[in-house]
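J.: One structure, as structure tokens, below. Some questions next.
The values are calculated or read from the model by the stated rules, or taken from the named source; none is laboratory data. None of these values were measured; they are calculated from a predicted model. Cβ sites come from the backbone with ideal geometry, for glycine too, and all protein chains shown count toward neighbours. The protein model used for the area step is the full one, side chains on, heavy atoms only, and it has no ligands, DNA or RNA in it. Shrake-Rupley method; radii C 1.70, N 1.55, O 1.52, S 1.80 Å.
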Amino acid sequence: MFWNSIFELDLCIGLLLLILFGLLSLRNGHVSLSHVRFVCQCWLVMITPLEVQDYALCLLTVVLLQNFHSFEALLFLLLGYVGQLYMLHSCNLVSFYVCLEAQTLCVVVLCGLLARGASTSFSVEAALKFLLLSAMVSGMALFWFSAMYLRTGSLDMVGQETFWILLVMLFKLGVAPMHMWSVDLYGSIPKSLLLYLSTAPKLSLFTFWASSWHHDFSVGVFILFSMLIGSIGAYGQPALRSLFAYSTINEIGLMLLAIETAGFHTLYQHLGIYIITQLLLWNLTDKRLFALCAVSLAGLPPFAGFFGKAWIFWHAMSVQAFSLLAAALFCTVLSLVYYLRVIRLFWTAPVHTAASFAGAPQQTTLTSACAVALAFAPVMLVKPFVI
């Protein structure tokens, strides 16, 4: 308990000093934003506990900080990271609720801060929809937590009914049929915030699901809804972002299928491929590389997305979940149609010249590393299929 208190005190003091450093330095003009971003990244590395899942979240947040160009956005990203970090180790309903709502607050505020130009009203409207729906779900969950405390006298997660925790997590993940807020946000928020929303909250929620929380409920109905709506809803979408919003819903359904049939090792594998693909997808300037990312998302060989989905299907067959497997295969074939349309659209587009790649060295390094991981990950993922 003493060392936990020391860690929390160090985290709070470090965050306060970081706020003062950023405000005073940027106001006087002696330090650029890149230096403040570097200090933020160093602070993240220093406060992160020595556990694998914590460092995975820390590394992802360090990468995401490169896409934001205001001190206020960096600050709210750090606050969101603190909420995600503490949620990974939550064993109490109150701490889980506070950490989850801290992430929601950061997303809503960032939608307002980063809205620019003609899309400002749409971004704020989508953020308000998300806030109101999230407040309704969280309010019902809080009422249930209070009723459970009156009945049992305890707020510990162990030995309690966890149905409302499951519903809240599925809502935050954007699982169908509780997915409409994600479609609105994907279509209106800036690309940097879209990249954050599609990676970091999902990593923290799934990691909390695997490490700190267990339940006895089946999520088969939500798997079917997510895969069907994600694969069918993408048809007829005029905007590319809306198409990838439904693609994300489909991917979340596959991750839930991994939890239901294969376990968390397979979940982490597919989630890692998904995060790498998202980092590559929203940082690219070349259209043909964008088309190759769509190939991986479609689950076509030889990229890593094919082996991630194949491993999930293999485990579903091994546990004899034939109905879920048949639905997953059917939805995967349906999703191939709009993925192939994206591939055709971007592969036949004019190829950019080398001048279009002139950008920040950090972004070039990030996209190169993600591309290498996406291409060579099958060497590691093919092992389960080798007898």
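J.: Kindly provide the set of residues from segment 261-273 that are surrounded by fewer than 20 Cβ atoms within 10 Å (Cβ to Cβ), in contact with a Phe, Trp or Tyr (Cβ under 9 Å, 6 or more places away or on another chain) and under 21 Å from GLY230 (Cα atoms), ordered by number.
T.: Residue satisfying the conditions is TYR268 alone.
J.: Could you please find all residues in segment 148-163 being open to solvent by 40 Å² or more (accessible area, probe 1.4 Å) and either modelled with pLDDT of 80 or more or not aromatic (Phe, Trp, Tyr) (or both)?
T.: TYR149, LEU150, ARG151, THR152, GLY153, LEU155, ASP156, VAL158, GLY159, GLU161 - these are the residues of segment 148-163 that are open to solvent by 40 Å² or more (accessible area, probe 1.4 Å) and either modelled with pLDDT of 80 or more or not aromatic (Phe, Trp, Tyr) (or both).
J.: Determine if segment 253-260 includes at least one residue that is more than 14 Å from the chain's Cα centre (by Cα) and open to solvent by 10 Å² or more (accessible area, probe 1.4 Å).
T.: Yes.
J.: I want to confirm something. Restricting to segment 48-68 and keeping residues that are at pLDDT below 85 and not in a helix (DSSP H, G or I), which single residue is least open to solvent (accessible area, probe 1.4 Å)?
T.: THR48
J.: Limited to segment 210-240, what total is found for residues that are not in a loop (DSSP other than H, G, I, E, B) and not polar (S, T, N, Q)?
T.: 13
J.: I've got another one for you. All but one of (1) in a helix (DSSP H, G or I); (2) farther than 26 Å from CYS58 by Cα; (3) open to solvent by less than 20 Å² (accessible area, probe 1.4 Å); (4) hydroxyl-bearing (Ser, Thr, Tyr) hold for SER188, so report the exception by its number.
T.: Failed condition: (1).
J.: Shifting gears a bit: If PHE143 satisfies every condition in (1) open to solvent by less than 40 Å² (accessible area, probe 1.4 Å); (2) in a helix (DSSP H, G or I) but one, which is the exception?
T.: (1)
J.: Does any residue in segment 53-67 that is within 19 Å of ARG37 (Cβ to Cβ) come within less than 6 Å, Cβ to Cβ, of a residue that is part of a helix (DSSP H, G or I) and open to solvent by 50 Å² or more (accessible area, probe 1.4 Å) six or more places away or on a different chain, and which pairs are these?
T.: GLN66/GLN362
J.: Related question: Applying the selection to segment 222-244, what residues are of a type in the set (A, V, I, L, M, F, W, C), modelled with pLDDT of 90 or more and open to solvent by less than 10 Å² (accessible area, probe 1.4 Å)?
T.: Across segment 222-244, the qualifying residues are ILE223, MET227.
J.: Which number in (1) over 21 Å from THR266 (Cα atoms); (2) open to solvent by 40 Å² or more (accessible area, probe 1.4 Å); (3) touching a residue at least 40 places away in the same chain (Cβ under 8 Å) marks the one condition that SER211 misses?
T.: (1)
J.: Restricting attention to segment 347-360, does a residue exist that is modelled with pLDDT of 70 or more and open to solvent by less than 80 Å² (accessible area, probe 1.4 Å)?
T.: no
J.: Further question: Return yes or no: is LEU381 surrounded by 14 or more Cβ atoms within 10 Å (Cβ to Cβ), within 24 Å of the chain's Cα centre (by Cα) and modelled with pLDDT of 65 or more?
T.: No.
J.: Looking at PHE143, PHE171, PHE122, can you tell me which residue is at pLDDT 80 or above, of a type in the set (Phe, Trp, Tyr) and more than 23 Å from LEU228 (Cβ to Cβ)?
T.: Answer to the check: PHE143.
J.: Got a number for residues in segment 314-327 being open to solvent by 30 Å² or more (accessible area, probe 1.4 Å) and hydrophobic (A, V, I, L, M, F, W, C)?
T.: Total satisfying the criteria: 5.
J.: Looking at PRO201, PRO177, which is the one that is touching a residue at least 24 places away in the same chain (Cβ under 8 Å), surrounded by fewer than 22 Cβ atoms within 10 Å (Cβ to Cβ) and either under 21 Å from PHE244 (Cβ atoms) or out of contact with any Asp or Glu (no Cβ under 8 Å at 6 or more places or on another chain) (or both)?
T.: None of the other options fit; the residue is PRO177.
J.: Mind checking which residues of segment 274-312 are surrounded by 19 or more Cβ atoms within 10 Å (Cβ to Cβ) and either over 20 Å from PHE346 (Cβ atoms) or among the charged types (D, E, K, R) (or both)?
T.: Of everything in segment 274-312, those that are surrounded by 19 or more Cβ atoms within 10 Å (Cβ to Cβ) and either over 20 Å from PHE346 (Cβ atoms) or among the charged types (D, E, K, R) (or both) turn out to be ILE275, PHE307, GLY308, LYS309, TRP311, ILE312.
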